[in-house]
């Protein structure tokens, strides 16, 4: 499929899912609904990015260095992640949120741990946003030619770091806000991705030993 058509399709899907989140999520503020919807869309897209090559290996195929679909999904993950960064900061960096979840009397952990979760999650959010900008900057064929395939591949591999930093960031805020069902979904998604990637690595090691 030509990249232009694919990205138009991805644009429409992202807009529809984001709009659906804005309409159905049970939060009073638009920014809060945007924050939650974009966070889960980002997580879904990041998971797809990390599973494309492993699934090809498990099917007995050798994935190429550059998979255009993976790059396109990565770009949309970055866009959703940056949208979440903006919306999340609007929601979290205000006196109401801090007073309720960080310093208020909530069902979440004790005040010292809430401060750690809030501060650590905010710092991780900034690191994740910077990494998303980096991945967007190297997502072109020109960047591959300029950096060289080996160096580009190392930088592109930071998507793995992005995924696990995003998981940690998400866990921090789900615990802080006492959202246990989303926390469970986040953990299950992480386990699925990790399991499939581990199986693909094991198959690659076996095939290399066999050769």
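Hey, among 46, 23, which residue is in a helix (DSSP H, G or I) and either touching a strand residue (DSSP E or B) at 6+ places or on another chain (Cβ under 6 Å) or surrounded by 14 or more Cβ atoms within 10 Å (Cβ to Cβ) (or both)? From the options 46, 23, the qualifying one is 46. When the test is whether a residue is within 18 Å of the chain's Cα centre (by Cα), more than 15 Å from residue 81 (Cβ to Cβ) and part of a helix (DSSP H, G or I), residue 13 passes it.
Would you call residue 126 within 14 Å of the chain's Cα centre (by Cα), part of a helix (DSSP H, G or I) and surrounded by fewer than 14 Cβ atoms within 10 Å (Cβ to Cβ)? First the steps, then the outcome.
On the way: within 14 Å of the chain's Cα centre (by Cα): yes; part of a helix (DSSP H, G or I): yes; surrounded by fewer than 14 Cβ atoms within 10 Å (Cβ to Cβ): yes.
Spelling it out, residue 126 is indeed within 14 Å of the chain's Cα centre (by Cα), part of a helix (DSSP H, G or I) and surrounded by fewer than 14 Cβ atoms within 10 Å (Cβ to Cβ).
Note on region 153-194: residues that are within 27 Å of residue 134 (Cα to Cα) and either assigned to a helix (DSSP H, G or I) or modelled with pLDDT of 90 or more (or both) total 29. With respect to (1) in contact (Cβ under 8 Å) with a residue 24 or more places away in the chain; (2) more than 26 Å from residue 202 (Cβ to Cβ), the lone exception for residue 100 is condition (1). For region 110-123, a residue qualifies if it is surrounded by fewer than 18 Cβ atoms within 10 Å (Cβ to Cβ) and in contact (Cβ under 8 Å) with a residue 12 or more places away in the chain, and the qualifying residues are 115, 120, 122. Looking only at region 134-152, decide whether some residue is closer than 23 Å to residue 75 by Cβ, surrounded by 13 or more Cβ atoms within 10 Å (Cβ to Cβ), touching a residue at least 40 places away in the same chain (Cβ under 8 Å) and over 14 Å from the mean Cα position of the chain (by Cα). Yes, that holds for at least one residue. The set of residues in region 138-152 that are under 21 Å from residue 44 (Cα atoms) and part of a helix (DSSP H, G or I) is empty. For residue 195, the conditions (1) more than 14 Å from the chain's Cα centre (by Cα); (2) farther than 24 Å from residue 119 by Cβ; (3) surrounded by 14 or more Cβ atoms within 10 Å (Cβ to Cβ) all hold with the exception of (3). Of the numbered criteria (1) touching a residue at least 12 places away in the same chain (Cβ under 8 Å); (2) over 27 Å from residue 137 (Cβ atoms); (3) in contact with a helix residue (DSSP H, G or I) (Cβ under 7 Å, 6 or more places away or on another chain), the one residue 42 fails is (2).
The values are calculated or read from the model by the stated rules, or taken from the named source; none is laboratory data. Everything numeric in this text was worked out from a predicted model, so none of it was measured. Neighbour counts run over all protein chains shown; Cβ positions are idealised from the backbone, glycine included.
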